[in-house]
Structure formats: structure tokens, C-alpha cells
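Heads up: the structure comes next, in C-alpha cells.
Every read-out reported here was derived from the displayed coordinates using simple, explicitly stated rules and does not represent laboratory data. Every value quoted in this text rests on a predicted model; they were computed, and no experiment measured them.
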Amino acid sequence: MSNKDKKKNFLDTISRKRKMHELSEKESEPSFWSGIARLGIVGWMVVLPTLLGAFSGRFLDKKFDQGIFWTLTFIMVGLAVGCYNAWRCMK
């Protein structure tokens, strides 16, 4: 077998495997566990920005002696950012 034949055979094998992989991805339904994992990821996408907002707001409230003004503001901003991220992920 010459180098050209080996190369052509190799490229044909790769092409055939890629087509089979793409077809299996299109036809297969997500499993139960992949749905649970996706739900967990989306949950964390909402929780993390909200917690980050709460902690940064709490820091600013202590620094400037503002009560809970910055905490509530940054919780709302974090929640909005998290919901937007979750919505964008689910699209």
C-alpha cells in the first residue's frame, strides 16, 4: 500500500467516524442524569452571582455604615445577572 492510499484510507476512516458521531448526537435523547446535571449547573449560575452580590454589598455596607442598602441592591443585581445567564444557557 502506498502512502497516498494509506492517507486516503485514514481520512476516509476519520470522516466516517465523524459522521457516525454527529448522527448519534442528533438522534440520542439526553439521559436523566444529564438533565439533573444541567439543572444543577443552571442553579449554580443563579446562586453564585447572587451570593457574590450579597457579600460585596455586605462589605460596602460595613465600610460606609449604610445599613443594608448595598446588600439588597447587589443581591438584586446578582439575581438579575444569574437569571439572565440561566436564560441564555437554556436557549
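Of note:
- Per residue, the average separation of C-alpha pairs within less than 8 Å and at least 6 apart gives the chain a relative contact order of 26 percent.
- Count, lysine Cα pairs under 28 Å in the range 1-80, 8 or more residues apart or across chains: 10
- Rounded tilt (10° steps) of 3-27 against the dominant C-alpha axis of the chain: 50
- Square roots of five times the Cα gyration tensor eigenvalues for the range 31-91, Å: 30, 10, 6
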